[in-house]
1. Please enumerate, by chain and number, the lysines with C-alpha under 27 Å from the C-alpha of Lys111, excluding those fewer than 8 residues away in the same chain.
2. How large is ³J(HN,Hα), in whole Hz, for each residue of segment 105-119 in order, when computed from phi with the Karplus curve 6.51 cos²θ - 1.76 cosθ + 1.60 and θ = phi - 60°, using x for Gly and Pro?
Amino acid sequence: MTARKGIEISTWIGTGALLLLLAWFASRGYLTNPEALQALLKQAGWAGPLLFMILQVMQVVIPVIPGGVSSAIGVLAFGPFWGFVYNYIGLVAGSILAFWLVRRYGQPFLKKITAPETYDKYIGWLDKGKKFDWFFAAAIFLPCAPDDILCMIAGLTKMSYAKFVTIIVLGKPLALIAYSMGLTSILQWVGTLL
């Protein structure tokens, strides 16, 4: 089995597990009463936030679960402020790791973890030179861009680590707030239906 096939299978399993978790959240009323979920997670102490941030780092590099949904769960699980903080730390760290992995291992690594059609769709931006930097910065700033793959493609460019980190650190907050708050509202609405 190829690495890409393993990732595809992991993504399906991760998405299935996420759906089961959401169903369990709904059955316990956690989607409509996030305070109850937050109280439950406080029992885990520091391990809850740490595990969540590790999950966010990993889902950037290996898309085992949909990133937007995990961000919304972070807001539900830890509240708007701490959910944002834990999401932000995990996603920034994951983006930097993805950039570093591709910078270190190159196109073969990227091709192993990316679907060919996704790779082909965005790899053409490498030929645009400095235009890629502007496209990358705008995409990171917007809530619906494919951040993870773009962070990896950026690793193939001559972009410096300092420039990459600056774009990620400054560009992630607005997109993260818009995306996670919007999906949190949707999850809460779904919770009222169940």
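1. The qualifying lysines are Lys5, Lys121, Lys128, Lys130, Lys131, Lys158, Lys163, Lys172.
2. 10, x, 4, x, 5, 4, 5, 6, 10, 10, 5, x, 5, 5, 4
Any read-out appearing in this document is the output of simple, stated calculations on the displayed coordinates, not a laboratory observation. Small disclaimer: the values here were computed from a predicted structure and weren't measured.
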